[in-house]
Number of protein chains: 2
Amino acid sequence: MSDKTKFGPAKGMRDWLPKETLLRQKLIRLIEHHYQLYGFQPIDTPALENIEVLQGKGGGENEKLMFKILKRGEDLEKAKESGDFSDMGLRFDLTVPLARYYANHSNDLPKPFRCSHIGPVWRADRPQKGRYREFYQCDIDIIGGASDAYEVELLLATDRVLKELNVGKFKIRISDKRLLSDLLIGMGVEGTKVAGVALALDKLDKQPVDQVWKEIELLGHSLEVLNKVDGFLKNALNRQLDQAHFKIGEAEKLWLKIDSIRQRVHAVNPDANVVFDPLLVRGFDYYTGPVFEINVEDKDFTFSIGGGGRYDGLIEKLGGPKNTPAVGISLGFERILLILAEKNKAAAQALSSTVYVANNGQLERDILALAESLRSHGIQVEACLENKKIGQQLESAQKNGIEFAVTKFTPGSKTFTVRKLSTRQDLEMTVVDLLKAVKELEKT
Amino acid sequence: MSDKTKFGPAKGMRDWLPKETLLRQKLIRLIEHHYQLYGFQPIDTPALENIEVLQGKGGGENEKLMFKILKRGEDLEKAKESGDFSDMGLRFDLTVPLARYYANHSNDLPKPFRCSHIGPVWRADRPQKGRYREFYQCDIDIIGGASDAYEVELLLATDRVLKELNVGKFKIRISDKRLLSDLLIGMGVEGTKVAGVALALDKLDKQPVDQVWKEIELLGHSLEVLNKVDGFLKNALNRQLDQAHFKIGEAEKLWLKIDSIRQRVHAVNPDANVVFDPLLVRGFDYYTGPVFEINVEDKDFTFSIGGGGRYDGLIEKLGGPKNTPAVGISLGFERILLILAEKNKAAAQALSSTVYVANNGQLERDILALAESLRSHGIQVEACLENKKIGQQLESAQKNGIEFAVTKFTPGSKTFTVRKLSTRQDLEMTVVDLLKAVKELEKT
């Protein structure tokens, strides 16, 4: 076993160095802060759930990727005969635990209940770039409200948060889960082939149109049907669809509803990056109406950074109150972080605002007393308490990204000598001067 | 299966309602903030570790309580023959993962490395009041520094954090892991009985002295030894020990070292709640020198809320660089929370600073535009988008702890009518007035 394997985190999981941890915390707090402005209250649930809660709830592929907990003690002995080895599992998303949570607490919660849930989930997936076995999701949900005004609210809040995060150009695509199949049936696609066509169209963000089209043709359709689908696809890709294109079967009603949601979002915020996309496909069985998917538009990134939809049946299916409507959007935190990290490579190397107090032969108690006094002004301080050469101390402080080091001081005096490590300039400063310099540094 | 079991969280685990989540977040951020002032940088590691990392590392009882992850796919099939069902485990503390982390990243980390690690750990323990199967720990550690000046730093930082948390009266007891047994051997206790006496003395915070003393007597000692131990115990309990009492065998050197640490803490902060306690016993094998334990002194709570010590051998044992000294303190977050929750029952019922925008027949777009404008000033807003009677709306807002509701507004006007729900008073306000009122509320 190599040291890399022996001391590395488990497969598909990650350690976080201090700068990475600080960046993650900062972004999570920013997301939480803005969700709170929209009335979404934070909640939390355990990492582990009883296995009955997690199994058979429409989680689809994700459920198959669940990490299960081995039974313990006597139960494990019995399991060796029954073959039923597990009594709990790690949550693979935040939606299934939320439904259980709502079932458990609905009497104590406001109606509708707006909540945000941010935390890690685990999936035994094959790790690859941007895909991990432990990753954070950021969910907002509104439970107990049937009005599509809640879709409008979710879209406004999500647009705001993504802009505050500064992820660059993005698009929140919206449609209705039933719309695409209604359209395809209206164009004459045979019922058994509708899912296949939808599956092919879902690959448009990863594959060239030609390839998607070949997959559709291979399913075998009449020339007339192919022509209709082709015409529709071209119009959709060129964003040249209007109400006239939806006068097919049941589709028109759905189109009117989705277009109304979009219009009402833009009535409040004309700059909201929300677009209608009839080609949108969302995989989960539990969606029952409007669906959303968020894509970044960047030459380096084409992937989805979140999605969601209305799931009116799920809370009841998970044992919650009957007829509980619900709608939510989940952001993929790791992918957002990946984008921001690429965009801000320079920022990631920013100087640390920690102040170093060098040991220049003073007494430990005097060094620590100065450190305490700086801390009481809100300055982060790292003091050197070992007898090392001063040159070595400053070199190692600089290597750790520190900019300011107190190099000389007299106990009781109001000023001290501070070296700016990047320029080797020595300055005589008071605590207030140093605080100002640190605040200035934090801004850049 | 009752609904309580069916929809409840897994045994020994907990759901968090919004107010509880907010309180937990606030306290964790306060702890982090103050640790950062002391130069402890936040890090994070995965919840899961390879099983080899967690097993056989001196975790003692905690290791036995590990939740293990069931192997998957082919590996699981093979396991049914080998009986080796698990390849990973949930971390049961933050020390073992930290040692693995340091081994993995030591080249990228400063020396000494001061870090704080706050997160959940899991133990398959028998749940009871204040003891859960998922709970947070807050650790600070200094790795790579052999000087006992680092003990001084850890103690100063911990004293500061506990005072900022306002946990009430507490005591950080310090001793050396080897001191008590050296003393007992010096008093003539037979080598095979030393551990038994220490085990009995460790129960002094939970049992009356008489009972502890009986347990010591039962081990069988000569009258002379019993008299010496009794005399020492009485002096220790009455805090009447001075250097003269430690002139026994190897004990004096250890006493001098611990007393020097205590003196140096008090030289910087005379109010630090740090006391020397030769009766202190810490269970883990991996401690190698000074040890700490933190107790609250409250009629309702007598339990330990944290502890730690120097563990110079552990990093190397876990595969890290040879001869890596390390020292750390861990706070038990759930117990601290329990104390604060009991102390602040009133505060927990504080009014929410969210502002309610009632639906008084206005257009959705106008309601949402007002909400957006309030949010842009940093006010948390919950808007009513459904057609309910205004009385019902305000009643449900008040039930949810909301104090301010906008009940009337004219689109485009700079003022609007705000009802103070607790007094039913109507006020004409601008955004700035409302912001002030909300800030005032947050202070109380």
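Shown for B:M187, A:M429: other C-beta atoms within 10 Å of each C-beta, ranked fewest to most, produce the order A:M429, B:M187. Cβ crowding within 10 Å ranks A:F67, B:F409 as B:F409, A:F67, fewest other Cβ atoms first.
Projecting the Cα atoms of B:S330, A:Q25, A:A103 onto the dipole axis of the protein assembly as shown, where Lys and Arg carry +1 and Asp and Glu carry -1 at the beta carbon, places A:Q25 farthest toward the positive end. Across peptide B:108-121, the average count of Cβ atoms from other chains found within 10 Å of a residue's Cβ is 3.
The distance linking region A:253-306 with region A:42-95 is 33 Å (Cα centroid to Cα centroid, whole angstrom). Summary of packing: across the peptides B:227-237, A:159-169, A:326-336, the per-residue average of other C-beta atoms within 10 Å ranks them, highest first, as A:326-336, A:159-169, B:227-237. Lys-Lys pairs in region A:179-249 that are eight or more residues apart or on separate chains and whose Cα atoms lie under 18 Å of each other come to 11.
Peptide B:332-341 is shielded by partner chain Cβ atoms: per residue, an average of 0 of them sit within 10 Å of its Cβ. All other residues whose Cβ lies under 13 angstrom from that of A:P112 are scored, Lys and Arg at +1 and Asp and Glu at -1, for a net of -3. Dipole check for chain B: with +1 at the C-beta of Lys and Arg, -1 at the C-beta of Asp and Glu, and the Cα centre as origin, the magnitude is about 1040 Debye. Among A:L54, B:L441, the ranking by other beta carbons within 10 Å of each residue's beta carbon, starting with the fewest, stands as B:L441, A:L54.
Of all lysines in the structure, the ones whose alpha carbon falls short of 27 Å from that of A:K78, not counting any fewer than 8 places away in one chain, are A:K57, A:K64, A:K68, B:K4, B:K6, B:K11, B:K64, B:K68, B:K71, B:K78, B:K80.
When A:A244 is represented by a point 7 angstrom out along its Cα-to-C-beta vector, the spacings to that point in the other copies are 10.8 nm, nearest first. Copy-to-copy label distances for A:A146, where each label lies 7 Å from Cα along Cα-to-Cβ, are 7.4 nm in order of increasing length.
Stretching the chain fully between A:L241 and A:N323 yields a gain of 26.1 nm (0.36 nm per residue, less the alpha carbon separation). Ignoring aspartates and glutamates fewer than eight residues from B:K322 along the same chain, the ones with Cα atoms less than 13 angstrom from its Cα are B:D312.
Ranked by the mean number of other Cβ atoms within 10 Å of their residues, highest first, the peptides B:307-313, B:194-200 fall in the order B:307-313, B:194-200. Here the chain B residue lying nearest the rotation axis onto A, judged by its C-beta and given with the distance in whole angstrom, is B:L70, 2. Under a model in which nothing but the beta-carbon of Lys, Arg (+1) and Asp, Glu (-1) is charged, region A:329-392 shows a dipole of about 220 debye around its Cα centre.
Let me make sure I get this right: for region A:179-249, a, b and c are the square roots of the gyration tensor eigenvalues over alpha carbons, sorted descending. Under 1.5 in a/c it's rounded, otherwise prolate if a/b > b/c, else oblate. Which is it? Since a/c reaches 1.5 but b/c is at least a/b, the shape of region A:179-249 is classed as oblate. Once C-alpha pairs closer than 8 Å and six or more residues apart are averaged by separation and normalised to the residue number of chain B, the relative contact order reads 15 percent. Among the residues of A:379-392, the average count of other protein chain beta-carbon atoms within 10 Å of the residue beta-carbon is 3.
Shown for B:N323: label points 7 Å from Cα along the beta-carbon vector, and their distances to the equivalent points in the other copies, 7.6 nm in ascending order. Computed over chain A, the per-residue total of -39500 (n - 2.57) for DSSP H runs of n ≥ 4 gives a 222 nm mean residue ellipticity of -12500 deg cm²/dmol, rounded to 500. In percent, rounded to a whole number, the relative contact order of region A:205-299 is 16, using alpha-carbon pairs under 8 Å and six or more apart. In the structure shown, the pairs A:K317/B:K388; A:K26/A:K414; A:K19/B:K317; A:K171/B:K414 are assessed against 30 Å; a Cα-Cα span above that value is assigned to A:K26/A:K414; A:K171/B:K414.
Look at the alpha carbon pairs under 8 Å that are at least 6 residues apart: their mean separation over the length of region B:352-443 gives a relative contact order of 31 percent.
Alpha carbon centre of region A:139-174 versus region B:385-444: separation in Å? Cα centroid of region A:139-174 versus Cα centroid of region B:385-444: 24 Å apart.
Only the coordinates and a few stated rules stand behind these numbers; no lab work does. Quick caveat: nothing in here was measured; it's all calculated off a predicted structure. Here the Cβ is made from the backbone with ideal geometry for all residues, glycine too, and neighbour counts use every protein chain on show.
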